[in-house]
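This report concerns only the one structure given below.
Bear in mind that the values in this text are calculations on the coordinates, not laboratory data. Remember, predicted model here, so these are calculated numbers, not experimental data. Cβ sites come from the backbone with ideal geometry, for glycine too, and all protein chains shown count toward neighbours.
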Amino acid sequence: MDCIFCKIANGEIPATKVYEDNTVVAFNDLEPQAPTHILVIPKCHISSAAEVNEENSAVIAHIFEVIAKLSKDLGMADGFRVVNNCGDCAGQTVKHIHFHLMAGREFTWPAG
Ligand code: 5GP
Ligand code: ZN
């Protein structure tokens with residue numbers, strides 16, 4: 001499968017990683033939309049939030065533990081935003097589930 005985030009997870013494509021463990025990797029977004037813009041992904045390929053199920057949801061829960069840890073380690077006490085785009089209408093361009101972790105500026109709501 002030709003998946004860019006699988007390749008980042010296994011080291012085939014370089015990325016600036018800020019966190020890695022057995023099941024999850026977090027790295028800086030190539031085109032940051034905020035002073036801090038990190039992508040948190042599972043190492044296993046799940047194509048989108050629509051494909052989360054009983055068998056793979058533990059890694060998604062773990063991603064949120066990692067997000068909480070990163071928010072503390074990287075000084076996001078003022079707040080941060082977590083975004084998941086699912087499907088074409090929502091603007092998902094990479095079909096490997098990922099959570100945008102953004103901080104360092106104010107965010108408007110509702111998101112456009
Ligand atoms: P989406 O639009 O699917 O929610 O988010 C995909 C994100 O992946 C975008 O913010 C884009 O900048 C980022 N991205 C795409 N290709 C690469 C890459 O090769 N390396 C990194 N670090 N980020 C990427
Ligand atoms: Zn993948």
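Listing for the model above:
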| item | result |
| --- | --- |
| Residue count, region 60-77 (criterion: within 20 Å of N22 (Cβ to Cβ), more than 12 Å from the chain's Cα centre (by Cα) and of a type in the set (A, V, I, L, M)) | 2 |
| Neighbours by Cβ (under 6 Å, 6+ apart or cross-chain): first from region 59-85, within 16 Å of ligand 2 (Cβ to nearest atom); second part of a loop (DSSP other than H, G, I, E, B) | V59/T23; I60/V52; N85/G91; N85/Q92 |
| Candidates E20, E51 - the one that is charged (D, E, K, R) and in contact with a Lys or Arg (Cβ under 9 Å, 6 or more places away or on another chain) | E20 |
| Restricting region 86-112 to residues that are touching a strand residue (DSSP E or B) at 6+ places or on another chain (Cβ under 8 Å) and part of a loop (DSSP other than H, G, I, E, B), the residue that is nearest to ligand 1 (Cβ to nearest atom) | H98 |
| Subset of region 1-30 [in a loop (DSSP other than H, G, I, E, B), among the small types (G, A, S) and more than 11 Å from ligand 1 (Cβ to nearest atom)] | G11 |
| Scope region 49-85; condition assigned to a loop (DSSP other than H, G, I, E, B) and surrounded by 14 or more Cβ atoms within 10 Å (Cβ to Cβ); matching residues | V52, N56, L74, M76, F80, N84, N85 |
| Cβ-Cβ under 9 Å pairs, at least 6 apart or on other chains, region 95-112 side farther than 15 Å from Q33 by Cα, far side assigned to a loop (DSSP other than H, G, I, E, B) and of a type in the set (A, V, I, L, M, F, W, C) | K95/C3; H96/C3; H96/I46; I97/I46; I97/V52; I97/C86 |
| First in region 8-19 and crowded, with 18+ Cβ neighbours inside 10 Å, second anywhere and aromatic (F, W, Y) and not in a helix (DSSP H, G or I), Cβ under 6 Å, 6 or more apart | A15/F27 |
| Among the residues listed as N28, N84, the single one being within 18 Å of I8 (Cα to Cα) and in contact with a Ser or Thr (Cβ under 9 Å, 6 or more places away or on another chain) | N28 |
| Flag if L70 is aliphatic (A, V, I, L, M) and within 11 Å of ligand 1 (Cβ to nearest atom) | no |
| Test: residue in region 31-44 that is farther than 26 Å from F107 by Cα and either within 16 Å of ligand 1 (Cβ to nearest atom) or surrounded by 14 or more Cβ atoms within 10 Å (Cβ to Cβ) (or both) | yes |
